[in-house]
Amino acid sequence: MTETLDTSPIRLLIADDEHLIRGALEALLGLESDIDVVASADNGVTAVELALATTPDICLLDLEMPQADGLEAAAKILATVNTRVIIVTRHARPGVLRRALASKVSGFVPKSTPAQDLAHVIRDVAAGKRYIDPEIAAAALTAERCPLTDRELDALRVSRSTTSVADIAKQLHLASGTVRNYLSSAMMKLNAVSRHEAAEKAWQQGWI
């Protein structure tokens, strides 16, 4: 009995808030006979909604997007959709790769990757493989380990979008005093003079 090979195209969702880059990826990857761009989005929230609606084989997500970044969107998508995620980024901050792998992302590539090479990565990931850009992987291996707890990271992450401890506490469902303790501990560990400086240092390392 002859085995029937699946020749259907790879269904791809692209999310990137930069219109020119998103349009270029749609056009170039759309030229590949075995890749079908089924949806595109300019922010993380819309990417999640479209992934639920279209159930693509692969989601190609920009790391830095408004409303929800690529890793936040990836976590929500992978929790509900049978798909695989590739993250693309212009600035591969060291700790981001560890977060990506923890989120079960299947690919991590720089935006400088040529479209033809990206198409190969998409095919490999669709076939069940994992691809991490070698330079990003090397940088992650030598990166400083994060000294912060998950709650300290949560407090710093939220503090990047608000200046009020009360607002941070409300979003995290914690008491204001507890949030102050987390922020103070994070500042001390990162040798920062303010929570904003601590948040910036954590962001630069890719921890948040």
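Quick note: the coordinates plus some simple rules give every number you see, no bench work behind them. Here the structure is a predicted model, which is why all the values come from computation and not from measurement. Using ideal geometry, Cβ is built from the backbone for each residue, glycine included, and neighbour counts are taken over all protein chains shown.
Quick notes on this structure:
- Estimated from the Cβ-Cβ distance and a Förster radius of 22 angstrom, the FRET efficiency linking Arg145 and Asn181 is about 0.50.
- Principal-axis tilt of helix 176-190 within the chain, Cα atoms, nearest 10 degrees: 80
- Whichever lysines have a C-alpha closer than 24 Å to that of Lys111, once near sequence neighbours (fewer than 8 apart) are set aside: Lys76, Lys129, Lys201
- Each peptide in 73-79, 169-175 gets a packing score, the mean of other Cβ atoms within 10 Å over its residues, and the list from highest to lowest is 73-79, 169-175.
- Using C-alpha pairs below 8 Å separated by at least 6 residues, the relative contact order for the chain is 15 percent.
- The slack between Ala127 and Ser33, meaning 0.36 nm per residue of separation minus the straight C-alpha distance, is 32.2 nm.
- Calculated [θ] (222 nm, deg cm²/dmol) that DSSP helices of n ≥ 4 give over the chain, each run adding -39,500 (n - 2.57): -15000 deg cm²/dmol
- Per principal axis, descending, Cα span of the chain in whole Å: 67, 39, 35
- Between Glu49 and Ala138, the simple label model (points 7 Å from Cα in the Cβ direction) yields a spacing of 4.2 nm.
- One chain, two ends: Gln67 and Lys104. Fully extended at 0.36 nm per residue, the span grows by 11.2 nm beyond their Cα-Cα distance.
- Contour excess over end-to-end distance, with Cα ends at Ala79 and Thr113 and 0.36 nm allotted per residue: 9.5 nm
- Degrees, to the nearest 10: 44-54 long Cα axis against longest axis of the chain: 30
- Cα pair distances exceeding 18 angstrom across the range 150-204, given as percent: 17
- Computed from Cα positions, the angle between helix 195-204 and the longest principal axis of the chain comes to roughly 30 degrees.
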